[in-house]
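Scroll down for the structure; my scribbles are underneath it.
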Amino acid sequence: MKRIVPILSKRILTGLLTLALLNCLSPAVQAANKLNVVTATTDLASLVQEIGGDRVEVDSIARGYQDPHFVEAKPSFLLKLRKTDLLVIVGLELEIGWLPPLIQQSGNPKIQVGAPGYLDASRFARILEIPTGQVTRAEGDVHPLGNPHYWLDPENGLRIAKGIENKISEMHPADADYFGQRYTAFEQRLKQADQQWLAEMKPYADKYSHKASNTSKHLPQAIAVTLL
């Protein structure tokens, strides 16, 4: 009987130690299984988080208070890009002044232009103001590929979210059902919110407003306000 007690005590202690070790390793294992995503802007980061949930680790380069046309490149950005699995950009040359050198210098083959980990969100959006003639810098703030502020239209937000869902499902097939469920939930919430916004803007439908900046020109498409 005296020998049984020490044996049981050792087994209990071993079990507790094993359990404690698994608990310590669990967060590390979960983090290793997450898809690392870096986005050009916080808006895109929000969409990735909505669809990816707790299966992604997402960070943005430009912050919400910054003009995404003009972001000062920092060494810390390279660190983010070197370890990411997926880079999501606005595109339409919005980030042309600062992002391409960072991508090249990151040395990460996954996120080079055309690589599987490089996602241009503009591919999924309806783009306004695509120039039809010759474009020169003499015309001022002109985007030769079209207005890059397309995400302000809720319908484009859904299109981008669907594109993100498809991409991360492709990269993490085991989580495809999870991502699909999150997209469906996001779609329902956004459509409900869109109905509320349209109802609130109904008194102003077909009204005229002052000429808007390029940033807000996608908004009238959703609320039927005519720009002067």
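The values are calculated or read from the model by the stated rules, or taken from the named source; none is laboratory data. These numbers come from a predicted model, not from an experiment. We place every Cβ from the backbone using ideal geometry, glycine too, and count neighbours over all the protein chains shown.
Condition check ((1) in contact with a Cys (Cβ under 9 Å, 6 or more places away or on another chain); (2) crowded, with 18+ Cβ neighbours inside 10 Å; (3) modelled with pLDDT under 95; (4) not β-branched (Val, Ile, Thr)) across all residues:
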residue	(1), (2), (3), (4)
SER46	no, no, no, yes
GLY52	no, yes, no, yes
SER76	no, no, yes, yes
ASP85	no, yes, no, yes
ILE103	no, yes, no, no
- Task: Please work out which one of (1) assigned to a loop (DSSP other than H, G, I, E, B); (2) buried (at least 18 other Cβ atoms within 10 Å of the Cβ); (3) modelled with pLDDT of 95 or more; (4) not small (Gly, Ala, Ser) is the condition HIS143 fails and give its number.
- Result: (3)
- Flagged in the range 55-69 as assigned to a loop (DSSP other than H, G, I, E, B) and out of contact with any Lys or Arg (no Cβ under 8 Å at 6 or more places or on another chain), in numbering order, are ALA62, ARG63, GLY64, TYR65, GLN66, ASP67, PRO68, HIS69
- Task: Tally the residues that are farther than 19 Å from MET171 by Cβ and modelled with pLDDT of 90 or more, restricting the search to the range 14-44.
- Result: 3
- Query: Just for the range 117-135: of the residues that are assigned to a loop (DSSP other than H, G, I, E, B) and touching a residue at least 12 places away in the same chain (Cβ under 8 Å), which one is nearest to GLN104 (Cα to Cα)?
  - Reply: GLY117
- Task: Only one of these is crowded, with 19+ Cβ neighbours inside 10 Å, without any contact (Cβ under 8 Å) to a residue 60 or more places away in the chain and in a helix (DSSP H, G or I): GLY157, GLY163, GLY180. Name it.
- Result: GLY163
- Item | Flag for GLY91 being on the phi > 0 side of the Ramachandran plot, touching a residue at least 24 places away in the same chain (Cβ under 8 Å) and of a type outside the set (D, E, K, R) | yes
